[in-house]
1. Could you line up 170, 120, 63 from fewest to most neighbouring Cβ atoms inside 10 Å?
2. With unit charges on the beta carbons (Lys and Arg positive, Asp and Glu negative) and the dipole taken about the Cα centre of the chain, which residue among 66, 94, 157 sits farthest to the positive side?
3. When the Karplus curve 6.51 cos²θ - 1.76 cosθ + 1.60 is applied with θ = phi - 60°, which whole-Hz ³J(HN,Hα) does each residue of the range 162-172 get, with x for Gly and Pro?
4. For a quick check: sort 71, 138, 108 by the number of other beta carbons within 10 angstrom, fewest at the front.
5. Divide by every residue of the chain the summed helix terms, -39500 (n - 2.57) for each DSSP H run of at least 4, and state the resulting mean residue ellipticity at 222 nm, rounded to the nearest 500 deg cm²/dmol.
6. With θ set to phi - 60°, apply the Karplus curve 6.51 cos²θ - 1.76 cosθ + 1.60 along the range 107-118 and write out the HN-Hα couplings as whole Hz, x wherever there is a Gly or Pro.
7. May I ask for the distance between the Cα centers of the range 106-160 and the range 21-96, given as a whole number of Å?
8. About the Cα centre of the range 2-174, how large is the charge dipole given +1 on each Lys and Arg Cβ and -1 on each Asp and Glu Cβ? Please answer in debye to the nearest 20.
Amino acid sequence: MKIIDIAQFAIIAYHHVLTNVYVGIEETASLPIRQWARLEGGPILACFGDDCVLFRQPIGKSHIQIISSSLEESATLMTQDLPDPDTETAWMQIFETACYPSDLGDTLPSVSRVTMYRNHETGSVGGIILELSTGGLLGFDASTYGGLTLFLDGQAAAFRRNVVEALALHEEVIPK
């Protein structure tokens with residue numbers, strides 16, 4: 001596993017189909033049934049065949065860290081920086097919900113456009129939008145210290161209005 005920049009991620013995303021997407025979750029209660037909630041701060045894992053990319057927001061930071069890793073390596077990163085090391089965590093698959101309109105059958109999505117939102121003051125990546133060949137999109141927002149936020153199609157306009165405009169983030173499309 002290694003930290004990569006947005007350009008290195010774009011090379012992976014533009015040249016491979018998206019095969020899975022997961023979000024980190026934590027157990028919040030175990031009795032009488034196990035209850036789960038989205039893990040604070042993300043993380044979100046996007047798999048492009050055997051190449052997986054982990055998006056996470058380091059504790060106390062307001063930027064997206066991008067890490068190239070395997071699914072197995074990502075499991076150890078999920079529990080990093082948790083206040084309670086005994087917290088039970090898991091990956092929840094959100095691939096169909098995030099990537100597929102219901103009428104596309106078995107067509108795997110590819111990333112058709114990567115847009116990055118950079119903080120002027122720090123130069124760090126505060127948000128990313130991945131436009132998919134299936135017509136959907138995946139977005140990641142790290143503009144607050146409250147944790148990495150995943151958003152889908154309908155929430156992109158709110159992200160642009162409430163975050164990009166409010167924080168004057170610089171928008172840049174990463175070329176293929």
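Read-outs throughout are calculated quantities, based only on the coordinates presented, and are distinct from any laboratory measurement. Keep in mind it's a predicted model, so treat the numbers as computed, not measured. Every residue, glycine among them, receives a Cβ derived from its backbone with ideal geometry; neighbour counts consider all protein chains shown.
1. 120, 170, 63
2. My answer, from the dipole projection, is 157.
3. 7, 10, 4, 5, 5, 9, 6, 6, 8, 8, 9
4. The order, fewest Cβ neighbours first, is 71, 108, 138.
5. -4000 deg cm²/dmol, from helical runs alone.
6. In residue order, the calculated couplings are 5, 7, x, 10, 8, 9, 7, 10, 10, 10, 10, 9 Hz.
7. 17 Å
8. 380 debye
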